[in-house]
Amino acid sequence: LEAFATQNFSWQGQVWPGQQVLWDIDKANDGRHSDGDAEASSEKWQTRLRLSLPRLGEVDARLHIQGQQITLSVIASNAETRQLLSSETTALRSQLEKAGLDLASLGVTAPREADEHGQSAG
């Protein structure tokens, strides 16, 4: 019931044997209230998925959604993983467009770079 009241959800566990994951979902509340379709279009959600994969290493994905627009930030400790994720940006954008979503921005960074950007972004 607390998750419904606060509109925050956090889960940590195993997605499959030996694979730990941390998953957070939050409804961003900016204090504004409006009616009807305007409320749905201004609704903001954010989710974070953090896991360590055998081939990709540590991956921390943060997704911000407002209406049909998505902002994705991926933090990966492995340089090869960052290169692979960056090279697949076009395919990801295409798949999201097919689903009716607009990828407003995508950033793939190393952990230290992400910490610095996160602090300056607020």
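Some observations on this one:
- Test: residue in the stretch 27-38 that is modelled with pLDDT of 80 or more and open to solvent by 70 Å² or more (accessible area, probe 1.4 Å): no
- Every residue from the stretch 58-84 that is of a type outside the set (Val, Ile, Thr) and either modelled with pLDDT under 90 or open to solvent by 60 Å² or more (accessible area, probe 1.4 Å) (or both): Glu58, Arg62, His64, Gln66, Gly67, Gln68, Gln69, Ser77, Ala79, Glu80, Gln83, Leu84
- Taking every residue in the stretch 54-70 that is in contact (Cβ under 8 Å) with a residue 12 or more places away in the chain and pairing it with any residue that is aromatic (Phe, Trp, Tyr) and open to solvent by 30 Å² or more (accessible area, probe 1.4 Å), at least 6 positions away or on another chain, the pairs with Cβ-Cβ distances below 7 Å are Ile65/Trp45.
- Pair list, Cβ < 8 Å and 6+ apart or interchain, from the stretch 13-25 residues that are under 9 Å from Leu51 (Cβ atoms) and open to solvent by less than 40 Å² (accessible area, probe 1.4 Å) to residues that are in a strand (DSSP E or B) and aliphatic (A, V, I, L, M): Gln19/Leu51; Gln19/Leu53; Val21/Val15; Val21/Leu49; Val21/Leu51; Leu22/Leu49; Leu22/Leu51
The values are calculated or read from the model by the stated rules, or taken from the named source; none is laboratory data. All figures in this text were calculated on a predicted structure; none of them were measured in a lab. Neighbour counts are summed over all protein chains in view; Cβ atoms, including those assigned to glycine, are modelled from backbone coordinates with ideal geometry. Just so you know, the surface numbers come from the protein's heavy atoms only, side chains and all, with ligands and any DNA or RNA stripped out. Shrake-Rupley method; radii C 1.70, N 1.55, O 1.52, S 1.80 Å.
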